[in-house]
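Below is one structure, written out as structure tokens, with a few remarks after it.
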Amino acid sequence: METLSQAILLLGLVLDIIVLLFIVLSVLLIFSLLMISVEAKTFEFGVMRMVGLSKTGIINMIILQSIMFVVPSLTLGFILSIPSLYGMYSTLFTEDMGIQNNPIPSNFAIMHALVVGLVIPLLSSIVPIQSALKKNLNESLDF
């Protein structure tokens, strides 16, 4: 096992970098979708502000929209994780190895996925919220 420790460490590092790249890509994707939505709804936000919607209401709308992008992917990810883990475990491990073939994700894996799934939309919505509030402030000064 000592001879493979360097390879295991390298593999763990590569997998961590891949996960980090996926997180950055998903943040950028949700950010671009939110920016397009905010740019398209600038007039609607202005009308909603004139009707009486507060700034926190606009912030809540943008955060809710970003969470709505993530919820289907989290649900689909949890559903597809069990068959994919079962396929990987049955391919890599045999019963004579003494490794338990349990395809259900651990509690740590579930919590990690939920935390990452909630942090991504929050990080993605920071700039669109600032943009929406700035544009509404500028539009309200024009009247």
Checked pairs for segment 1-25, first of a type outside the set (Gly, Ala, Ser) and in a helix (DSSP H, G or I), second open to solvent by less than 100 Å² (accessible area, probe 1.4 Å) and modelled with pLDDT under 90, C-beta under 7 Å and 6 or more apart or across chains, list as 23/116; 23/120
For segment 23-52 the number of residues that are open to solvent by less than 50 Å² (accessible area, probe 1.4 Å) and more than 26 Å from the chain's Cα centre (by Cα) is 1
Among the candidates 92, 74, single out the residue that is out of contact with any Phe, Trp or Tyr (no Cβ under 8 Å at 6 or more places or on another chain) and surrounded by 13 or more Cβ atoms within 10 Å (Cβ to Cβ).
-> 74
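Is there a residue being touching a Ser or Thr at 6+ places or on another chain (Cβ under 9 Å) and aliphatic (A, V, I, L, M) anywhere in segment 7-25? Can you show your working first?
Looking only at segment 7-25, we keep the residues that are touching a Ser or Thr at 6+ places or on another chain (Cβ under 9 Å), and these are none.
No, segment 7-25 contains no residue that is touching a Ser or Thr at 6+ places or on another chain (Cβ under 9 Å) and aliphatic (A, V, I, L, M).
The values are calculated or read from the model by the stated rules, or taken from the named source; none is laboratory data. Bear in mind that the values here come from a model prediction, so they are computed numbers and not experimental data. FYI the Cβ positions are ideal-geometry reconstructions off the backbone, even for glycines, and counts take in every protein chain you see. Remember, those area values only see protein heavy atoms, side chains included, never the ligands or the DNA or RNA. Shrake-Rupley method; radii C 1.70, N 1.55, O 1.52, S 1.80 Å.
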